[in-house]
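What follows draws every value from the coordinates through simple rules; no lab data is involved. Bear in mind that the values here come from a model prediction, so they are computed numbers and not experimental data. Positions of Cβ are backbone-derived with ideal geometry, glycine not excepted, and every protein chain shown enters the neighbour counts.
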Amino acid sequence: MMCPFSDWESKLEDVQVDEVESTLKEALSLNYEEARALLARLQYQRVNFDAALQVFQGLDIKSLTPRITMAIVERTRQRKPRSKGDVIPPTAMSVQSVSLLLEAILLKAKSLEELWAYYSSNDIALVEAANDCKLILDVVEAALPNGMHEGIAEDCKLQEIFHKALELLPNLWIKVGYLDEAITEYRRALVKPWNLDPQRAERWYFLALCHASAGQNEVALNLLEKVPACPKQSTNLISLLYCLVLIYLLKIQDPKHAHHGITFARNVINLADEVNGHFKVQAHKFLGICYGNAARISISDSERTLFQKESLTSLNYASLSMKEDPEVMLNLSLENAVQRNFDVAFDNAMKRFKDAETILEFALDEASRMDQLELLRLKAVLQIAQQRPKQAIETYRTLLSLV
């Protein structure tokens, strides 16, 4: 990729854009928006993402969205017999124009993504790219509220462009760290029939992710079992989907899922070169929890010892990057306690006790009278655990005075 915003070869001055635009309009009978969209596409194909973006910025697509939506609606009516009163508006866009303009929005989003990858720091570009993709989906969904029928792709690129935007959008939200938005877009992909390939492995991950985010962990696990283990040559999208499902399954503490969890986490860790480092650490956290659960239901002493060792190894790895994560430190303390490493468990626990008591003090100031009773009881329990009986007695007296 050429270095963006750098040398003159990738830069178009406004006068050059105007000249090329005029030539395109005259030679191909294009209007202003179509000529500019075509010029931007040419720059994108030349890998001049900065120049392409400069041309894209001159397009006011939002003002054209009502006409684009109407053109798509008209396209869907072409197969239906028209009554004598039906008249196609003379200003209606052609399907080719619609495809060209929607493709321009998609290529603008991809250009922003490429520039973000080059600079690796400005998330504003990714957010703008995501909003551009969302505009495509909103326009098409407004025109086709019941989904996309099979005939729509026969003579235009509309379906192809829509599918690419449908796939790109959640991926952009993931890169910028907006996981809730990513889940929303995965759900959008499944709610209506959009002529997606039913054999794509991603579909299973989409479904599993949606069920897991809704707390339906059993359903999510069953869906994941229908797909082979995450392949070594999987795309980044599949890897990230796999990781997102995993993160939602972190809440699973049922020992009967321990062996499933070990398999999921190992698959993610093996994809270390393809997935975000944050997800890798989360996978180690999950792996440690699952090994601990597996050890507690193991009937073999040798297997139990192995699982306990693996549990501490994974949790210690996760704790190096997640020292402020209470779930990591809690599980690390519990696992050390179970394995009778009492000194280590006590040290970890004492650090968390102090943090917990500080948080309780803040909560007590904000809580209602009824909530204060439960918080005071918890505060007393923490004080007893820290071998501070006098303070615990005073806390119980305060609690009784509120009853």
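Extension gain, T184-A92: 0.36 nm per intervening residue step, less the Cα-Cα distance, totals 29.9 nm. Counting Lys and Arg as +1 and Asp and Glu as -1 over every other residue whose Cβ lies under 13 Å from the Cβ of L400, the net charge comes to +1.
Residue separation of K62 and Q391 scaled by 0.36 nm, minus their Cα-Cα distance, works out to 112.0 nm of gained length.
What net charge is computed for the residues neighbouring T65, neighbours being all others with C-beta under 13 Å from the C-beta of T65, Lys and Arg scored +1, Asp and Glu -1? Numbers along the way, then the final one.
On the way: positive: K62, R67, K134; negative: E33, D60, D132, D138, E141.
Overall, the nearby charge balance is -2.
Are any of the pairs K62/K175; K192/K323; K62/K280; K110/K192 more than 31 Å apart by Cα-Cα distance, and if so, which? Going by Cα-Cα distance, K192/K323; K62/K280 fall outside the 31 Å limit.
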